[in-house]
Amino acid sequence: MSAVEAFAPRATLNIRDVSKSYVVDEKPLPVLRNIALDVQPGEFVSIVGASGCGKSTLLRLVVGLDADYEGEILLNGRRIEGPGRERGIVFQEHRLFPWLTVEDNIALGLDGSDEPQHVLDKRVRDNIALVGLAGFEKAYPHQLSGGMAQRAAIARSLVTQPAILLLDEPLGALDSITRAYLQKELLRIWQQERVTVIMVTHDVDEAVFLSDRVVVMEPRPGRIRSIVPVGLTHPRQRASVEFARVKGEILRDLSGE
Amino acid sequence: MSDAPSLRSARPSFNAGALGRGLVIPGLIVIAWTVVTHGGLVSSNLLVPIERIIALPFTDEAGVQLWPALLASIVRLIFGFAIGASAGIALGGLMGASRLADRALGPSFNALRQITLFAWIPLLTAWFGNGDMPKIIYVAMSAFFPAALNSYIGLRGISAQYFEVASVLRLSRLTRIRKLLLPGALPSIFVGLQIALITAWLGTVSSEYAMGNGRGLGGFLLEGRGQFRMDVVVLGVVVLALVGYLINVGCAKVFRRLLAWQGDNK
């Protein structure tokens, strides 16, 4: 398998005192309050929390789909304004365009690039290989299983060589066997690409298995309750005492004891 | 890899079972028809034996006129449909893609849509006489509304999730149109075109019938009725239905091929 040659550019993300409310029945409903988080280049940070704690909303702010918030989000010191190709995102649903083949879906991210076609073609090929989909370039999304479609979505988000990859419960809709398998794949891709990752998940086990740090959020309004450093070497053993200890700590924070 | 996809592509191109079931009712009608006409139940001037109908376009002096009439109707259908469907896709596409256009044109479009097409005939003949012009306009109008409505629905039906992907990937306007709006709306546009083709065909025959004058299947029916030739009338009706049926089958086949990405489960 050929690695994607250039490593991702380094990215430092600073989320400074971010708050956001929706307006429901003409009354403001706070969804995020005073979120502060710094993510270092190459770091893998997970955000866990009960549904309604605003973790997906936070990701939408970082990717630039929603600009209506207070506070500041800085990428390498510059304020984020709208979406940008230095930030890739994978949603819980694969969101591949059903009318495009796998390779055409992945090539979408390179639309409008100045580089010569053969370079772009190679980038698409390399990313297909990276996620283990070689041989399925011409397949349509409906011909893929859920896990394979999500791999294609990961390749689509990586093809732009983003500095930071945002994962919004990317494995949440998959069965447990496929999920465990793709967790290892995500780990491999992250180590290979050295990309900064922020992943939203409700699976504590998954967060501990993959992350350098786990951000625990609590709902109504969404706040950061604690940030737990994992501090274990890869590959992590789920059955180990240390793994269970970190997991236990996070679960305690989640239940608010 | 545990989750290997099965690449389904083979699809039976011809479903003999479905065709067989579809032929049951027409078959029963033919049998009943034959029994009635040959059993002496009715006098033959009002209901003609089926074999005479089949022979009519090849042997009968009035029946032979079917061919030029059919040709004239199909030419009208093609012109009217081409004009009406393209205008419909253009307007529906504009209203589907632009909120501003939707707000500006939507109410008028929906009001006009409520008018029975037949009501336009007196106006059209008053403005354009009773030649080919008003007929083709009428056919175009019959195609216009279903084409416009379904193009609009098709664009509006594209999931907001895909638009988020488009903005995250910073797709250019042109790419958005080519890779998202157009293919996303295509299934619905095709449904619109199929309906438009059928309504345009019915519009063709009814405009010929209502505006008299000139060759066409509608005129053929009119003449048959005028001469009290029920066999000619029945022949005209059968051909009218047959063309409509072929349009339906042909559209379904072509569109299914063009929408291969939908697979079998659609």
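The values are calculated or read from the model by the stated rules, or taken from the named source; none is laboratory data. Everything numeric in this text was worked out from a predicted model, so none of it was measured. FYI the Cβ positions are ideal-geometry reconstructions off the backbone, even for glycines, and counts take in every protein chain you see. Keep in mind that these areas ignore ligands, DNA and RNA; they rest on the heavy atoms of the full protein, side chains included. Shrake-Rupley method; radii C 1.70, N 1.55, O 1.52, S 1.80 Å.
At R0 = 56 Å, how high is the FRET efficiency between B:Leu100 and B:Val64 if r is their beta carbon distance? Nearest 0.05 is fine.
That pair, B:Leu100 with B:Val64, gives E of 0.50.
If you count, for every residue in A:19-32, the Cβ atoms of partner chains within 10 Å of its Cβ, what is the mean?
0
For the pair B:Thr116 and A:Arg16, what calculated FRET efficiency results from E = 1/(1 + (r/R0)^6), where r is the Cβ-Cβ distance and R0 = 51 Å, to the nearest 0.05?
Efficiency, from the Cβ-Cβ distance: 0.20.
Quick one: go through the range A:239-257 and flag any residue whose amide nitrogen is under 19 Å from the point 7 Å out along the Cα-to-Cβ line of A:Ser226.
A:241-257
Treating cross-link reach as a plain straight distance, find the aspartates and glutamates whose alpha-carbon is under 15 Å from the alpha-carbon of B:Lys135, omitting any fewer than eight places away in the same chain.
Partners within reach: B:Glu208.
Stokes-Einstein diffusion coefficient for the range A:13-255 at 10 °C in a medium of 1.306 mPa s, Rh from the Kirkwood formula over Cα pairs: what value in µm²/s?
Roughly 85 µm²/s, to the nearest whole number.
Describe numerically, in nm with one decimal, the distance between label points set 7 Å from Cα along Cα→Cβ at A:Glu242 and at A:Asn76.
Distance between the two pseudo-spin positions: 3.3 nm.
Taking chymotrypsin sites (Phe, Trp or Tyr not before Pro) as exposed when DSSP calls them loop (any state but H, G, I, E, B) and at most 11 other Cβ atoms lie within 10 Å, what is the longest stretch of chain B free of them, the sites themselves excluded?
B:15-227
Could you give the angle, 0 to 90 degrees to the nearest 10, between helix B:182-210's Cα long axis and the longest principal axis of the Cα atoms of chain B?
Compared with the principal axis, the helix lies near 20 degrees.
Under the definition of partner shielding as Cβ atoms of other protein chains within 10 Å of a residue Cβ, what is the mean value for peptide A:132-144?
The mean count of partner-chain Cβ atoms within 10 Å per residue comes to 3.
When the dipole is taken about the Cα centre of chain B, and only Lys, Arg (+1) and Asp, Glu (-1) are charged at their Cβ, what size is it in debye, to the nearest 20?
Value, rounded to 20: 1140 debye.
Let me test this: with uniform point scatterers at the alpha carbons of the protein assembly as shown, what is the Debye-based log₁₀ I(q)/I(0) at q = 0.06, 0.12, 0.13 1/Å?
These q points yield log10 I(q)/I(0) values of -0.46, -1.10, -1.22.
Label-point separation (nm) for B:Phe255 and B:Ala126, each offset 7 Å from Cα along Cα-to-Cβ?
3.6
Keeping to pairs on different chains or 8 or more places apart, tell me how many lysine pairs in the range A:13-255 have Cα atoms under 28 Å apart.
Lysine pairs satisfying the spacing and distance rule in the range A:13-255 number 8.
Length gain on complete extension for the stretch A:Leu29 to A:Arg252, per 0.36 nm per residue less the alpha carbon to alpha carbon distance?
77.6 nm
Projecting each Cα onto the charge dipole of chain B (Lys/Arg +1, Asp/Glu -1 at the beta carbon, about the Cα centre), which of B:Val165, B:Ala210, B:Ile53 comes out farthest on the positive side?
Result: B:Val165, furthest along the dipole toward the positive end.
In the range A:13-255, what % of DSSP beta bridges are antiparallel (nearest 5)?
Counting only bridges with both partners in the range A:13-255, antiparallel ones make up about 55 percent.
If you place +1 on the Cβ of every Lys and Arg and -1 on the Cβ of every Asp and Glu, how big does the dipole about the Cα centre of the range B:128-266 come out, in debye to the nearest 20?
Computed charge dipole of the range B:128-266: roughly 660 debye.
Ignoring ligands, DNA and RNA, what percent of the 1.4 Å accessible area of the range B:84-148 is carbon and sulfur?
So the carbon and sulfur contribution to the accessible surface is 69 percent.
Restricting attention to the range A:36-142, which GluC sites (Glu not before Pro) occupy a DSSP loop and are surrounded by at most 11 other Cβ atoms within 10 Å?
A:Glu81
Ignore the peptide's own chain and count Cβ atoms of other chains within 10 Å of each Cβ in A:95-106; give me the average, rounded.
Mean shielding count: 4.
What is the distance, in nm, between label points placed 7 Å from the Cα along the Cα-to-Cβ direction at B:Met230 and at B:Ala87?
Label at B:Met230, label at B:Ala87, 4.1 nm between them.
Report for the protein assembly as shown the percent antiparallel among DSSP-assigned beta bridges with both residues inside it, nearest 5.
Beta bridges within the protein assembly as shown, antiparallel portion: roughly 55 percent.
Taking the Cβ-Cβ separation of A:Ala134 and A:Ala50 as r and a Förster radius of 51 Å, what is the calculated FRET efficiency to the nearest 0.05?
Rounded to the nearest 0.05, the efficiency is 0.85.
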